[in-house]
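S.K.: Have a look at this one.
Read-outs throughout are calculated quantities, based only on the coordinates presented, and are distinct from any laboratory measurement. Quantities reported herein were computed from a predicted structural model and do not represent experimental measurements. Because the Cβ atoms are built from the backbone with ideal geometry, glycine has one as well, and the counts that use them run over all protein chains shown.
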Amino acid sequence: MTSAPPLGRRPETVLVVDFGAQYAQLIARRVREADCYSEVVPHTMPAEEMLAKEPAAIILSGGPASVYAPGAPALDEAVVTAGVPVLGICYGFQVMAQALGGTVARTGRREYGQTDASVAGAPSTLFTGQPEQQVVWMSHGDAVTEAPDGCAVTARTDGAPVAAFEDDERRLYGVQWHPEVLHSAHGQQVLSNFLTHGAGLSGSWTSENVAERLVEQAREQIGADHVICGLSGGVDSSVAAAIVQRAVGDQLTCVFVDHGLLRQGEAEQVETDFVAATGVDLVVVDARDRFLDALAGVSDPEEKRKIIGREFIRVFEQAARDIVAAHAPRVDRPADGSGEGQQDGAQQGGAREDGEHPVRWLVQGTLYPDVVESGGGSGAANIKSHHNVGGLPDDLQFQLIEPLRSLFKDEVRQVGLQLGVPEGIVWRQPFPGPGLGIRIIGEVTGDRLDVLRRADAIAREELTAAGLDREIWQCPVVLLADVRSVGVQGDGRTYGHPVVLRPVSSEDAMTADWTRLPYEVLARVSSRITNEVEEVNRVVLDVTSKPPGTIEWE
Ligand code: XMP
């Protein structure tokens, strides 16, 4: 499988040059929030390559190094002298100052965390409309002590005599602090002032325009071919499918593999609500028994994950083959005495005479952070084997179409709303591919799934009623199916199973903290589950952060 090159006219692009801190992606997101398109590029990219992208503006990110450290990432002067508007941030501010002939020194005064800054009251591009005293988020040891020629100093702090500078003539700007973090009180305004007033961008990256652009791109890319998309019920595959559906209508066939491991109401959300809202052509494969059979007797988490992943691929593959076959043109063979007159595509596995099948594309919901991270090449340890629909055999020869490749998650949601994807799907919290299969500790059986589904539905209902959905990242409910404990209910002794509530707060699921849910909400969830789900007689709360715990229990 290959990934198709990006197509279409490029939007006005802000390049965010990543100097190695964790802030570059955050800057890119903030730029998008200011309705401008952004792309992250590594600082190792040659200047000509950066400029060849014809950026409308460049932002130099912060980074962990000191500009004096041996091997510290350098800045090619060409980046700041090409006439492209530039904003330097933190480390990016210092390398920019150096490249323009200013002075960076070790002042011996570290500033870290919230810091008071005095900003220019006089006309300033970055600080227009802001108070002269503001709280900013700092993290630096070195400081710019002399601004480059032609740059006016527009902010100071105790530890940074030149905390910001501006040169409207050359459209060069810089701040020592991190405007992208929320602790900087007017940070977003600094960024948008740079983009709008400094760089003169039009701010046309709105969800309406983005949706339109992505639909148009998908249409150009697909042409008259046929496309397949695997729907999981999650936001990414749903929005990707909605874009492609809008682009090419019934040239798209979606496949939903019902593995029986979804939560209450989720299969219907896909099969009924999504189809009604978008009009996609959907093939539902009821594979519930197949998955249960394959999982029978298995308790080991990794083994469960592997089985679910394997079965999923097999079922999807078969569905894909069927669709390919159904769309293959009939081929007339000359009578040759063998008795075979006409063969249809199905018998030939859907191949055309030129060796290509007409179903060329497979939709995948890859998001921008995945693109940036895989470009970064950092090999994360395989803690758990995740699965997706990436492993189809080569003979199916799909090309990937990835309509969300340039989007952050919040943008995917906005585009989804724009295209009429049901809110229940758009705002669905993350849910693992292997589903409830990895939330039953012990063997997965139909009865256990049923117990967990009912308990989970109550927890979700109460969290929604308490208005907490957007505050928590997700709240797995886990059934400890092999554990029993004694309880008392009515006049009788019970010997039921515990369920665990695992509410977590997180930015990206890489780290997480347990969410301090209000006691009243916990109490309601607990009493409803133990009253309404007979098999459960105890509800416990997981108060472990990640690390050391992962979010899911398996
Ligand atoms: P962990 O348990 O590793 O989970 O802290 C991090 C995030 O990933 C989700 N998750 C998965 N998502 N396929 C997925 O698509 C998987 O196999 C899988 N396992 C975990 C989990 O729900 C959390 O949001």
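S.K.: Mind giving me the nanometre distance, one decimal, between the label points for residue 268 and residue 409, set 7 Å out from Cα along Cα→Cβ?
M.R.: Label at residue 268, label at residue 409, 2.7 nm between them.
S.K.: What ranking do 514, 205 get, fewest neighbouring Cβ atoms within 10 angstrom at the top?
M.R.: Sorted ascending by nearby Cβ count, the order is 514, 205.
S.K.: Oh, and also: Between residue 22 and residue 373, with labels modelled 7 Å along Cα→Cβ, what's the label distance in nm to one decimal, could you check?
M.R.: My value for the distance between the label points is 1.2 nm.
S.K.: Rounded to the nearest 500 deg cm²/dmol, what is the calculated helix-only ellipticity per residue at 222 nm for the chain, with -39500 (n - 2.57) per DSSP H run of length n ≥ 4?
M.R.: Taking each H run of at least 4 residues, the total per residue is -9000 deg cm²/dmol.
S.K.: Taking every DSSP beta bridge with both residues inside the range 426-501, roughly what % is antiparallel (nearest 5)?
M.R.: 80
S.K.: How much of the DSSP beta bridge set in the chain is antiparallel, as a percent to the nearest 5? Before the final figure, lay out the partial values.
M.R.: Values: 35 of 79 bridges.
Here the antiparallel bridges make up roughly 45 percent for the chain.
S.K.: How long is the gain from residue 303 to residue 289 if the chain were fully straight, where each residue apart is worth 0.36 nm and the alpha carbon distance is subtracted?
M.R.: Numbers: separation 14, 0.36 × 14 = 5.04 nm, distance 1.80 nm.
Residue separation times 0.36 nm, minus the Cα-Cα distance, leaves 3.2 nm.
S.K.: Oh, and also: Assigning unit charges at the beta carbon (Lys, Arg +1; Asp, Glu -1) and nothing else, what dipole magnitude in debye, to the nearest 20, does the range 13-198 show about its Cα centre?
M.R.: So the magnitude is around 400 debye.
S.K.: Another question, if that's okay. Show me the ranking of peptides 166-177, 50-61 by mean Cβ neighbours inside 10 Å, starting with the highest.
M.R.: Peptide ranking by packing, descending: 166-177, 50-61.
S.K.: Continuing with the same structure: Ranking request for peptides 229-239, 78-88: highest mean number of other beta-carbon atoms within 10 Å first, then the rest in descending order.
M.R.: 229-239, 78-88
S.K.: Still on this structure, I have one more. Which Cα, out of 399, 205, 553, lies furthest along the positive dipole direction of the chain (beta carbon charges, K/R +1, D/E -1)?
M.R.: It is 553, whose Cα lies furthest towards the positive end.
S.K.: May I pose another question? At residue 489 and residue 317, where each label point lies 7 Å from the Cα along Cα→Cβ, what is the point-to-point distance in nanometres?
M.R.: With each label placed 7 Å out from Cα toward Cβ, I get 4.4 nm.
S.K.: To the nearest 10 degrees, how steeply does helix 235-248 sit against the main Cα axis of the chain, on a 0 to 90 scale?
M.R.: 90
S.K.: Answer with one residue from 519, 427, 444: the one whose Cα lies farthest towards the positive end of the charge dipole of the chain, charges on Cβ with Lys, Arg +1 and Asp, Glu -1.
M.R.: It is 519.
S.K.: Any chance you could tell me what percent of the C-alpha pair distances in the chain go past 30 Å? Intermediate values should be presented prior to the final figure.
M.R.: Numbers: 91038 of 153181 pairs.
Across the chain, Cα pairs with separations above 30 Å total 59 percent.
S.K.: Scan around residue 536 for amide H atoms under 5 Å from its own, H built in the peptide plane at 1.01 Å from N, and keep only partners 5 or more places away or cross-chain.
M.R.: Those lying under 5 Å, H to H, from residue 536 are 497.
S.K.: Arranged from highest to lowest average of other beta-carbon atoms within 10 Å per residue, in what order do the peptides 15-28, 524-537 appear?
M.R.: Taking the mean over residues of other Cβ atoms within 10 Å, the ranking is 15-28, 524-537.
S.K.: What Kirkwood Rh does the range 13-198 have if only Cα atoms enter the pairwise 1/r average? Answer in Å.
M.R.: Across the range 13-198, the inverse of the average 1/r is 15.8 Å.
S.K.: In what order do 259, 183, 226, 178 fall by count of nearby beta-carbon atoms within 10 Å, going from fewest to most?
M.R.: Placing the least packed residue first, the sequence is 183, 226, 178, 259.
S.K.: Roughly how many whole Å is it from the C-alpha centroid of the range 119-140 to that of the range 297-321?
M.R.: About 55 Å separates the Cα centre of the range 119-140 from the one of the range 297-321.
S.K.: Taking the Cα of residue 513, stepping 7 Å toward and past its beta carbon, and measuring to each backbone N in the range 466-496: which are under 16 Å?
M.R.: Inside the label zone: 471-474.
S.K.: How much length, in nm to one decimal, is gained on full extension between residue 275 and residue 81, taken as 0.36 nm per residue of separation minus their Cα-Cα distance? Don't jump to the answer; show the numbers that get you there.
M.R.: Working: separation 194, 0.36 × 194 = 69.84 nm, distance 5.26 nm.
Extra length available between residue 275 and residue 81 comes to 64.6 nm.
S.K.: What is the magnitude of the charge dipole of the range 439-554 about its Cα centre, with +1 placed on the Cβ of each Lys and Arg, -1 on the Cβ of each Asp and Glu, and no other charges, expressed in debye to the nearest 20?
M.R.: 220
S.K.: May I ask you to compute the full-extension gain from residue 326 to residue 520, defined as 0.36 nm times their residue separation minus their alpha-carbon distance, rounded to one decimal in nm?
M.R.: 64.3 nm
S.K.: Right, another one. Place a point 7 Å from the Cα of residue 47 along the Cα-to-Cβ direction; which residues of the range 120-145 have their backbone N under 20 Å from it?
M.R.: Nothing falls inside the zone, counting backbone N under 20 Å.
S.K.: Hey, got the dipole for the chain? About the Cα centre, +1 on K and R Cβ, -1 on D and E Cβ, debye to the nearest 20?
M.R.: With Lys and Arg at +1 and Asp and Glu at -1, about 1040 debye.
S.K.: Related question: For residue 149 and residue 118, what does the FRET efficiency come to when R0 = 25 Å and r is the distance between their Cβ atoms, rounded to the nearest 0.05?
M.R.: In this case the efficiency is close to 0.65.
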